[in-house]
Amino acid sequence: MKKIAVLPGDGIGPEIVAATRTVLELKRLTADGLRLEIAEAPVGGAGYAAAGDPLPPATLELARGADAILFGAVGGPKYDALPRPKRPEQALLRLRKELGLFANLRPATLYPELAAASTLKPEVVSGMDILIVRELTGDIYFGQPRGIRTTEAGEREGFDTMRYTEGEIRRIAHTAFGAARRRAKRLCSVDKANVLETSQLWREVVTAVGREYPDVELTHMYVDNAAMQLLRAPKQFDVIVTGNMFGDILSDEASMLTGSIGMLPSASLDSRGKGLYEPIHGSAPDIAGKGVANPLATILSAAMLLRYSLGEAAAADRVERAVRKVLAQGLRTADIAAPGEAKVATSVMGAAVVAALG
Ligand code: IPM
Ligand code: MG
């Protein structure tokens, strides 16, 4: 019996997670009858409201003890004025760090049915299938020292530290080469080695790791050029590996190329396959509680959970096929509906995926 910690969070989080649970709770997902022990706990603004902490100790313990974590979304205007340690995003940053979830996999796949939703021309994006592998527990996000100090001249100065050890670079490089090997065998490492020492080391270490993967074609690209190439010719990319900060930015850019941020899942993995799975979109406070949010990114995150943490690749394939089927059937939530197209509710979309699973 595998344990799943479910952390719905804020905004549309509870709705999309509820729809996803109806999929994960299907025994018939696997041939031998999938049975999961599922427990929920508050996180983000909901954690703060319940226990004065965006990551209450009981929530962290539940997450620690689980084989995998399904995460909704956190944040909302109510919490914007809180001091930084109490803000909802801290829950995510602390979970990543405490659980050692260093490898963030963010696929940016274009669904043919939704090609018109992209702001780029269909011929530029059709067939696009990129996997961004973002390092998630290092870099300027966590580097010390950091702070706001007063200089000798009496002026305030903010500072953060970008840093990566060889070991951190090596392990994410292995993740990325491994992923590329299972795909089109092309890996592009993104850095800013023309300016930053951190990036110079990054490039050296990634190149060295690459010698162990002669079947994977490795290229390097500066991050500014990568941002441009993603818009110019996104299909040139198969797998992209990059650090925490650049990955944060490029993964948002890549997701927008698909035109349907409501469709994209993500996985954040430790070295043993335990992972946190979440849609890449946020908590969308403007539509929270209305039952109109798109649950597909969370359902596809559950598919990644089945694949990476539970070793149930066949079940993961079935869920992904079911999602394609409901799209082909023409079901659309508001975010992916073309003008004039009928829109379905969150729960209807969830039920349609369950039905499509057969
Ligand atoms: C993401 C988000 C987070 C990040 C925020 C919410 C801390 O933007 O997962 O990309 O910057 O990593
Ligand atoms: Mg981000």
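Within segment 263-276, can you find the residues that are open to solvent by less than 10 Å² (accessible area, probe 1.4 Å) and within 16 Å of ligand 2 (Cβ to nearest atom)?
Listed by number, the residues that qualify are 264, 266, 267, 268, 276.
Filter segment 255-283 for residues that are within 13 Å of ligand 1 (Cβ to nearest atom) and touching a Leu at 6+ places or on another chain (Cβ under 6 Å); which is farthest from residue 108 (Cα to Cα)?
276
Condition check ((1) touching a residue at least 12 places away in the same chain (Cβ under 8 Å); (2) more than 26 Å from residue 263 (Cβ to Cβ)) across all residues:
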{"position": "61", "(1), (2)": "no, yes"}
{"position": "64", "(1), (2)": "yes, yes"}
{"position": "71", "(1), (2)": "yes, no"}
{"position": "78", "(1), (2)": "yes, yes"}
{"position": "81", "(1), (2)": "no, yes"}
{"position": "86", "(1), (2)": "yes, yes"}
{"position": "89", "(1), (2)": "yes, no"}
{"position": "96", "(1), (2)": "yes, no"}
{"position": "100", "(1), (2)": "yes, yes"}
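Can you tell me which of (1) at pLDDT below 95; (2) surrounded by fewer than 17 Cβ atoms within 10 Å (Cβ to Cβ); (3) outside any helix (DSSP H, G or I) is the one residue 153 doesn't meet?
Every condition holds for residue 153 apart from (1).
If I ask for residues that are assigned to a helix (DSSP H, G or I), surrounded by fewer than 19 Cβ atoms within 10 Å (Cβ to Cβ) and touching a strand residue (DSSP E or B) at 6+ places or on another chain (Cβ under 9 Å), which ones from segment 182-202 would you list?
Selection gives 200 alone.
Determine whether residue 36 is in contact (Cβ under 8 Å) with a residue 12 or more places away in the chain, in contact with a helix residue (DSSP H, G or I) (Cβ under 7 Å, 6 or more places away or on another chain) and open to solvent by less than 10 Å² (accessible area, probe 1.4 Å).
no
From the list 303, 293, pick out the single residue that is of a type outside the set (S, T, N, Q) and either open to solvent by 10 Å² or more (accessible area, probe 1.4 Å) or within 17 Å of residue 69 (Cα to Cα) (or both).
None of the others qualify; the one that does is 303.
Under the condition of being open to solvent by less than 80 Å² (accessible area, probe 1.4 Å), part of a helix (DSSP H, G or I) and not hydrophobic (A, V, I, L, M, F, W, C), which residue from segment 56-85 is nearest to ligand 1 (Cβ to nearest atom)?
79
Looking at segment 96-106, which of the residues that are farther than 23 Å from residue 147 by Cβ, touching a helix residue (DSSP H, G or I) at 6+ places or on another chain (Cβ under 8 Å) and of a type outside the set (S, T, N, Q) is surrounded by the most Cβ atoms within 10 Å (Cβ to Cβ)?
Ranking the candidates gives 103 first.
For segment 117-150, name all the residues that are part of a helix (DSSP H, G or I) and touching a Ser or Thr at 6+ places or on another chain (Cβ under 9 Å).
Listed by number, the residues that qualify are 117, 124, 125, 139, 140.
Among the residues of segment 236-253, write down those that are of a type in the set (Val, Ile, Thr) and more than 10 Å from ligand 2 (Cβ to nearest atom).
The answer is 239, 240, 241, 242.
The values are calculated or read from the model by the stated rules, or taken from the named source; none is laboratory data. Note that the structure is predicted; figures quoted are calculated from it, not measured. Using ideal geometry, Cβ is built from the backbone for each residue, glycine included, and neighbour counts are taken over all protein chains shown. Protein only, heavy atoms only, side chains kept; ligands, DNA and RNA dropped before computing areas. Shrake-Rupley method; radii C 1.70, N 1.55, O 1.52, S 1.80 Å.
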